[in-house]
Amino acid sequence: MTESAREGIDITRIFDAPRELVFEAWTTPEHFAVWYGGDAEVPLDRVSMDVRPGGTWRLVIVVPGTEMPFHGVYREVVAPERLVFTLKDATAPDDIEGEIVTVTFTDRGDKTTEMVFQQRGGNLTAEQYAAAEDGWEAFFDALVNRLATI
């Protein structure tokens, strides 16, 4: 597979937290706002989450000089095992569904969780996928820190 044929992101992480807690960090605005965006600010009053199939989510990442809104629709919610949702930013055309994010959470025992993250859709260039992967990695580093405090 060449870099130009890249059509998504695959990341696997192990967290030192029970599966239920990792799932909660993905599905509770108070937790999600802390880690989504990495070091950037996500004001809690700019986060909404209706975590059910067909429910919507949206948030705004604030960095100096700009705001970056993101939104999507939950397709599948199986607590605490799996989330599937769409992801769009302000630059995405209205007539596309956006990227599809699938996150699975596996209990590894000893209060650790394996998270397998996939983003697909083919809506981004190879360079945009690479930048988005770097962003997700930073978000997941922030998630590690958040899980240590809840």
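The values are calculated or read from the model by the stated rules, or taken from the named source; none is laboratory data. Values in this document were obtained by computation on a predicted structure and should not be read as measured data. All Cβ positions, even for glycine, are placed from backbone atoms using ideal geometry, and neighbour counts span all protein chains on display. These accessible areas exclude ligands, DNA and RNA; they are computed on the full protein's heavy atoms, side chains included. Shrake-Rupley method; radii C 1.70, N 1.55, O 1.52, S 1.80 Å.
If only residues of region 98-131 that are part of a loop (DSSP other than H, G, I, E, B) and more than 15 Å from the chain's Cα centre (by Cα) are counted, the one that is nearest to Thr28 (Cα to Cα) is Lys111.
Candidates Glu81, Glu127: the one that is at pLDDT below 95 and open to solvent by 60 Å² or more (accessible area, probe 1.4 Å) is Glu127. Given the criterion assigned to a loop (DSSP other than H, G, I, E, B) and open to solvent by 70 Å² or more (accessible area, probe 1.4 Å), identify the matching residue among Asp134, Asp141, Asp94. Exactly one residue qualifies, and that residue is Asp94.
Looking only at region 1-60, residues that are among the hydrophobic types (A, V, I, L, M, F, W, C), at pLDDT 95 or above and surrounded by fewer than 16 Cβ atoms within 10 Å (Cβ to Cβ) come to 3 in all. Here Lys88 fulfils each of the conditions (1) in a strand (DSSP E or B); (2) among the charged types (D, E, K, R); (3) surrounded by fewer than 18 Cβ atoms within 10 Å (Cβ to Cβ) apart from (3). Within region 97-124, restricting attention to residues that are open to solvent by 50 Å² or more (accessible area, probe 1.4 Å) and among the charged types (D, E, K, R), which residue is nearest to Ile14 (Cα to Cα)? The extreme case among them is Glu114.
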